[in-house]
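Below you'll find the structure, written out as structure tokens, and then a few comments.
The values are calculated or read from the model by the stated rules, or taken from the named source; none is laboratory data. Computed from a prediction, not measured in an experiment: that's the story for all the values here. Positions of Cβ are backbone-derived with ideal geometry, glycine not excepted, and every protein chain shown enters the neighbour counts. Keep in mind that these areas ignore ligands, DNA and RNA; they rest on the heavy atoms of the full protein, side chains included. Shrake-Rupley method; radii C 1.70, N 1.55, O 1.52, S 1.80 Å.
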Amino acid sequence: MLTLVSRRLRNSLVLLMLATLLCFTLVVSAPGNIAVLIAELRTPKATFADIHKIELELGLDQPIVTRYSHWLTGALQGNLGISYKTGEDIGPALSSRLPITATLVAGGATFAMLFSFVLGFAGALWPGRFADVATRTIALLGASMPSFFVGALLIYGLAVQLRLLPTFGSEGLSSWILPWITIGLLPAAVLSRVVRVGLEEAMSRPFALTAVAKGLTRRTILVRHALPNIAPTYINALGAQTGAMVVGAVVVEPLFALKGVADLFLSGVLFRDFMVVQACLLVFISFFVVLNLLVDIGMMFTDPKLRRQGS
Amino acid sequence: MASKEILRVSDLCVDLFTQRSVIRPVDGVSYSVAAGETLAIVGESGSGKTVLNFAPLGLMPTGVNVDLSGSILFNDTELVGIAEPALRKLRGGSIGTIFQDPMSALNPARTIGRQIAEVSELHMGLSSSQAESRALDLLKLVRMSDPDARLKQYPHELSGGLRQRVMIAIAVAAEPQLLIADEPTTALDVTVQAQIIALLKDLQKRLNMAIVLITHDMGVVAGIASRVAVMYAGRVAEYGPVGDVLVEPRHPYTMGLIDAIPRADDAPGSLFRGLPGAPPILGAPIPGCAFAPRCHAAIESCHITRPALVSTVQPLVSAACPIINKHNHGGAYVQH
């Protein structure tokens with residue numbers, strides 16, 4: 001178990017380096033020049049000499065490899081560099097935004113889990129009945145609507161028309177409800193299908209008939225016999241969906257005026273502030289690496305075959 | 001066979017409705033089982049022997065609707081038309097079940113110990129720690145090596161024979177009066193088959209339970225059963241004590257089945273004997289004897305009226321064939 005985790009972590013570090021190198025190269029080779037933008041900010045009529053001066057200041061004349069290794073040395077020492085746009089240290093800005101994105105994604109994932117278990121289980125317990133049909137309808141709607149549309153719909157309905165919930169701000173739980181639903185609805189829809197279909201498949205396998213022959217009720221068979229069998233699949237899907245939620249945050253954070261990492265990332269991209277972009281990507285990639293590790297550990301705990309291999 | 005009768009099946013018909021079709025795999029079957037005895041139900045695949053036993057217990061795959069008619073008395077309880085909660089109490093309690101394929105009949109995600117213990121928890125009202133220690137006793141009862149370690153293992157860590165022992169432990173966990181074993185040895189190696197049959201015989205003696213053994217293996221029948229019912233196309237062709245039916249069969253189908261078993265004195269290189277033709281496809285009702293199209297002794301009336309299962313010259317044996325019985329020992333078919 002521990003050896004597997006440590007082996008995974010070691011592989012993850014290599015993965016992290018390669019991923020950041022790839023991102024760095026892509027961001028740097030994207031069209032647009034930050035020096036031009038900064039020069040225009042400073043003097044409306046900037047000359048080539050001004051721009052060149054700024055390029056030298058920022059070290060933009062160096063080759064990519066030099067710039068990457070320079071960035072990497074800093075990052076390994078906890079120094080993520082300075083924003084080209086604001087001239088501020090990126091580290092503190094990032095750490096003040098991290099809790100907001102973390103709250104958004106964790107809340108969305110929790111919502112998706114609760115929603116998917118309640119609906120998926122109800123559908124499997126009463127197949128073909130109201131709960132099942134409702135689940136399928138909600139799941140279809142949830143899976144078909146993009147999050148910016150869901151968000152706009154929720155803001156219009158619950159906040160503007162009914163005035164039940166605030167549309168932005170971060171005062172207390174109520175301001176989080178709309179963002180959580182917006183970011184969590186698609187994963188909730190997908191996961192509730194995973195639960196519903198997984199339970200149905202498990203109930204058609206021979207061991208479910210053994211459980212019937214034991215005299216257990218359908219509900220007990222679902223909970224004790226079918227559920228443990230879908231756990232690995234569910235954890236896998238939950239991992240993938242949580243990962244997708246980070247992408248969703250890029251849409252949801254601006255929509256609800258949340259100043260999170262995804263919002264910072266977006267402004268970085270728009271201003272070609274690739275030091276900011278690179279720092280945000282580092283956060284995202286680290287998140288994915290940790291997420292994958294958690295999924296692997298979770299699957300090991302729920303799949304007896306994998307568990308014996310891991311120990 | 002003075003012990004009391006615990007199961008009496010009379011004129012049982014089973015109709016199965018799926019989304020596309022209606023079939024009658026069990027058509028007017030009657031038999032009885034006494035406490036502590038073993039009845040073997042023999043027949044080829046599709047003869048209805050599994051449906052006969054599982055449909056009344058509600059052990060059919062989802063999506064299949066079952067319609068029962070006739071009567072099944074289990075200890076004076078009528079099982080045809082019984083309410084699901086009452087039936088649930090019998091399943092796993094007074095009636096234990098063993099399935100054909102131990103590879104897939106156990107839950108891969110739960111430990112052996114939990115899968116055995118939950119039966120005693122449910123039917124004997126034991127606490128989870130009591131049930132756990134009973135599970136250990138049951139593993140010893142089915143003669144598992146290293147039972148303490150087995151409790152914490154998962155099905156994929158056991159061989160087929162060991163898994164079938166676990167299935168047996170589950171089936172007898174609540175000390176049932178009746179054990180229904182659906183081809184318990186078919187999926188196992190020959191050496192393991194003998195062990196499982198020996199184990200079943202031993203358990204039967206200890207727990208005084210009746211066994212209904214569904215099989216197509218005549219060797220298994222001879223080894224364990226006291227009486228045998230031979231089924232063909234959803235009907236009982238012949239029914240009686242094993243010694244009589246296997247040694248001196250009176251129905252042409254039983255004769256053919258027994259004759260088809262390869263013998264030690266068969267000439268090397270000789271062909272396997274078999275019955276000509278194929279069993280009928282269930283669906284359209286068969287007016288006459290279902291076996292008539294394949295039967296060497298059939299006459300015209302065989303195709304028109306269904307023969308009743310009646311006593312033969314040997315009173316303990318019944319056969320559904322008026323032709324052979326008329327000629328008494330129809331020895332022309334089989335030479336022993």
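Worth pointing out:
- Elements of the type helices (runs of 4 or more DSSP H) sitting completely within the range A:255-311 and holding at least 1 residues that are at pLDDT 90 or above and open to solvent by less than 30 Å² (accessible area, probe 1.4 Å): these cover A:261-270, A:274-302.
- If the condition is being within 14 Å of chain A (Cβ to nearest Cβ) and either within 18 Å of B:SER128 (Cα to Cα) or open to solvent by 40 Å² or more (accessible area, probe 1.4 Å) (or both), then the range B:152-161 contributes B:LYS152, B:GLN153, B:HIS156, B:GLU157.
- Residue in the range A:131-149 that is in contact with an Asp or Glu (Cβ under 9 Å, 6 or more places away or on another chain) and open to solvent by 20 Å² or more (accessible area, probe 1.4 Å) present: no
- Qualifying positions in the range A:223-242 - facing chain B (nearest Cβ under 9 Å), surrounded by fewer than 22 Cβ atoms within 10 Å (Cβ to Cβ) and in contact with a Ser or Thr (Cβ under 9 Å, 6 or more places away or on another chain): A:PRO228, A:ALA231, A:PRO232
- Test: residue in the range B:258-280 that is surrounded by fewer than 19 Cβ atoms within 10 Å (Cβ to Cβ), at pLDDT 90 or above and charged (D, E, K, R): no
- In the range B:194-241, the residues that are open to solvent by less than 10 Å² (accessible area, probe 1.4 Å), more than 14 Å from B:SER47 (Cβ to Cβ) and of a type outside the set (Val, Ile, Thr): B:LEU199, B:LEU200, B:LEU203, B:MET209, B:ALA210, B:LEU213, B:GLY240
- Against the numbered list (1) open to solvent by less than 30 Å² (accessible area, probe 1.4 Å); (2) modelled with pLDDT of 85 or more; (3) not assigned by TED's automatic domain parsing to the domain that holds A:THR220, A:ASP89 comes up short only at (1).
- Elements of type helices (runs of 4 or more DSSP H) contained in the range A:125-222, each with 2 or more residues being away from chain B (no Cβ under 13 Å): A:130-144, A:147-154, A:174-203
- Checking each residue in the range A:38-53 for being crowded, with 17+ Cβ neighbours inside 10 Å and either part of a helix (DSSP H, G or I) or touching a Pro at 6+ places or on another chain (Cβ under 8 Å) (or both) picks out A:ILE38, A:ALA39, A:ASP50, A:ILE51.
- Selection within the range B:97-106 - facing another protein chain (nearest Cβ under 8 Å) and either more than 19 Å from B:ALA149 (Cβ to Cβ) or open to solvent by 30 Å² or more (accessible area, probe 1.4 Å) (or both): B:THR97, B:PHE99, B:ASP101, B:SER104, B:ALA105
- Checking every residue in the range B:208-229 against the condition of being more than 15 Å from the chain's Cα centre (by Cα) and farther than 22 Å from B:ARG273 by Cβ gives at least one match.
- Options B:GLY28, B:GLY113, B:GLY93, B:GLY70: the member that is away from chain A (no Cβ under 11 Å) and either farther than 18 Å from B:VAL236 by Cβ or open to solvent by less than 10 Å² (accessible area, probe 1.4 Å) (or both): B:GLY113
- Selection status of B:ARG24, among the basic types (Lys, Arg), closer than 14 Å to B:ALA229 by Cβ and outside any loop (DSSP other than H, G, I, E, B): no
- Sole exception among (1) open to solvent by 60 Å² or more (accessible area, probe 1.4 Å); (2) under 25 Å from A:ALA279 (Cα atoms) for A:TYR156, by number: (2)
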